[in-house]
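The values are calculated or read from the model by the stated rules, or taken from the named source; none is laboratory data. This is a predicted model, so every value here is computed, not measured. FYI the Cβ positions are ideal-geometry reconstructions off the backbone, even for glycines, and counts take in every protein chain you see.
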């Protein structure tokens with residue numbers, strides 16, 4: 001990714017974040033079905049995917065991308 005322009009990096013990270021979001025949804029569906037086996041592990045996977053999405057958001061922030069105004073917490 002180092003040879004990419006900043007806009008390309010932002011787009012790549014944004015697309016990756018969308019993919020992680022799709023994984024979050026897929027795990028949520030399984031987790032909500034309360035499987036007999038692996039329930040705790042699905043919950044952990046769900047949490048870790050949420051964390052991955054958050055960290056990718058931090059990368060976007062470092063690249064200069066700002067959250068839409070309705071999602072910003074500015075005091």
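The table below lists the values:
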{"item": "Which listed residue is in a helix (DSSP H, G or I), modelled with pLDDT of 90 or more and surrounded by 15 or more Cβ atoms within 10 Å (Cβ to Cβ), from 29, 13", "result": "13"}
{"item": "From the options 64, 57, 39, residue that is on the phi < 0 side of the Ramachandran plot and either exposed (fewer than 14 other Cβ atoms within 10 Å of the Cβ) or in contact with a helix residue (DSSP H, G or I) (Cβ under 6 Å, 6 or more places away or on another chain) (or both)", "result": "39"}
{"item": "Selected residue (only one of 41, 66, 51 is free of Cβ contacts under 8 Å to residues at least 12 places away in the same chain and under 10 Å from the mean Cα position of the chain (by Cα))", "result": "51"}
{"item": "Condition check for residue 51: under 19 Å from residue 67 (Cβ atoms) and either modelled with pLDDT of 95 or more or touching a helix residue (DSSP H, G or I) at 6+ places or on another chain (Cβ under 8 Å) (or both)", "result": "yes"}
